[in-house]
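Trainee: So that we are looking at the same thing, I have put the structure below in structure tokens.
The values are calculated or read from the model by the stated rules, or taken from the named source; none is laboratory data. Just so it is clear, the structure is predicted and the values come from calculations on it, not from any experiment. All Cβ positions, glycine included, derive from the backbone under ideal geometry; neighbour counts span all protein chains shown.
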Amino acid sequence: MDLREFKNKVICEELEISKNYGKIFSFIDFSNVNRWFENDNQDWNNKLLANDERLSIDLERLKSFTDIFSERVRIYYGEDSKNQGSLKFIYVIRKIFGKRNIEISVDAIKMLQHYDTFCILSGEADFTYLNNFLRKEGKKVIIIKGGFITAKLRESADIVVNAQKIKKHIAQIIKDKDLIWSGLCG
């Protein structure tokens with residue numbers, strides 16, 4: 001076993017994802033994931049961030065992380081074709097993850113016969129119904145979430161992972177120019 005395989009094995013053990021989960025397809029609700037660390041003031045080593053720093057999701061690290069335990073990774077996001085920043089984001093996200101996907105619930109049901117475990121990266125309670133449906137169909141469910149989730153959503157999963165546990169694998173520290181500017185003018 002090389003170092004990369006060992007690291008991946010350790011990460012799966014930390015997440016409590018064993019071979020019993022079979023073929024895993026991961027579905028990323030990016031509008032939810034993108035807000036996971038917006039109020040954090042510490043990095044993954046519990047070091048305080050400077051006033052001009054904040055945590056942001058690193059798309060390449062997010063893809064690499066989900067690839068560790070997933071056979072397929074799909075990402076879902078909104079588009080604003082009139083916003084130049086949105087267009088740049090769409091270009092980058094498509095380069096890393098591939099084409100845009102339709103809708104998480106629709107895709108999860110359409111691909112039902114191709115996976116054993118549905119992994120949702122979102123804490124949205126709307127997924128409770130989908131998770132319960134998938135479990136009735138014999139699928140396992142993993143939720144990776146940030147912050148509080150409802151008891152019903154928690155009960156709809158086999159494993160629930162708090163995003164704080166994976167922060168070191170998917171986040172980056174960025175300088176917030178807006179904070180610097182407001183500090184100089186304010």
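Trainee: Taking into account only those residues within the stretch 12-45 that are on the phi < 0 side of the Ramachandran plot and small (G, A, S), which is modelled with the lowest pLDDT? If you could, list the steps in order and put the result at the bottom.
Mentor: Of the residues in the stretch 12-45, the ones on the phi < 0 side of the Ramachandran plot are 12-15, 17-21, 23-45.
With the extra rule that they be small (G, A, S), the set shrinks to 18, 26, 31.
Numbers: S18: 95, S26: 98, S31: 90.
Only one residue tops the list, namely S31.
Trainee: Only one of K47, K19, K23 is surrounded by fewer than 12 Cβ atoms within 10 Å (Cβ to Cβ), basic (K, R) and within 18 Å of D176 (Cα to Cα). Can you tell me which?
Mentor: Only one candidate passes the filter, namely K47.
Trainee: For I90, only one of the following conditions fails: (1) assigned to a helix (DSSP H, G or I); (2) under 23 Å from I57 (Cβ atoms); (3) at pLDDT 90 or above. What is its number?
Mentor: Of everything listed in (1) assigned to a helix (DSSP H, G or I); (2) under 23 Å from I57 (Cβ atoms); (3) at pLDDT 90 or above, I90 misses just condition (3).
Trainee: If you take the residues in the stretch 26-40 that are touching a Lys or Arg at 6+ places or on another chain (Cβ under 9 Å), surrounded by 13 or more Cβ atoms within 10 Å (Cβ to Cβ) and not aromatic (F, W, Y), which one is nearest to L121 (Cα to Cα)?
Mentor: Residues of the stretch 26-40 touching a Lys or Arg at 6+ places or on another chain (Cβ under 9 Å): 26-28, 32, 36-38, 40.
Subset that is surrounded by 13 or more Cβ atoms within 10 Å (Cβ to Cβ): 26-28, 32, 36-37, 40.
Still in the list and also not aromatic (F, W, Y): 26, 28, 32, 40.
Working: S26: 7, I28: 5, N32: 8, D40: 18 Å.
That would be I28.
Trainee: Also: Within the bounds of the stretch 148-157, is there any residue that is within 24 Å of L59 (Cβ to Cβ), modelled with pLDDT under 95 and not in a helix (DSSP H, G or I)?
Mentor: Checked against the condition, which is being within 24 Å of L59 (Cβ to Cβ), modelled with pLDDT under 95 and not in a helix (DSSP H, G or I), the stretch 148-157 yields no hits at all.
Trainee: In the stretch 54-73, how many are in contact with a helix residue (DSSP H, G or I) (Cβ under 6 Å, 6 or more places away or on another chain) and either part of a loop (DSSP other than H, G, I, E, B) or of a type in the set (K, R) (or both)?
Mentor: Number of matching residues: 2.
Trainee: Of the residues that make up the stretch 59-67, is at least one touching a Phe, Trp or Tyr at 6+ places or on another chain (Cβ under 6 Å), surrounded by 12 or more Cβ atoms within 10 Å (Cβ to Cβ), within 30 Å of G138 (Cβ to Cβ) and touching a residue at least 40 places away in the same chain (Cβ under 8 Å)?
Mentor: no
Trainee: Take the conditions touching a residue at least 60 places away in the same chain (Cβ under 8 Å) and assigned to a loop (DSSP other than H, G, I, E, B) and apply them to N51. Does it pass? If you could, list the steps in order and put the result at the bottom.
Mentor: Working: touching a residue at least 60 places away in the same chain (Cβ under 8 Å): yes; assigned to a loop (DSSP other than H, G, I, E, B): yes.
For N51, the condition - touching a residue at least 60 places away in the same chain (Cβ under 8 Å) and assigned to a loop (DSSP other than H, G, I, E, B) - is met.
Trainee: Among the listed residues L62, L48, identify the single one that is touching a His at 6+ places or on another chain (Cβ under 9 Å), among the aliphatic types (A, V, I, L, M) and at pLDDT 95 or above. Lay out the reasoning, then the answer.
Mentor: Numbers: L48 fails: touching a His at 6+ places or on another chain (Cβ under 9 Å).
Answer to the check: L62.
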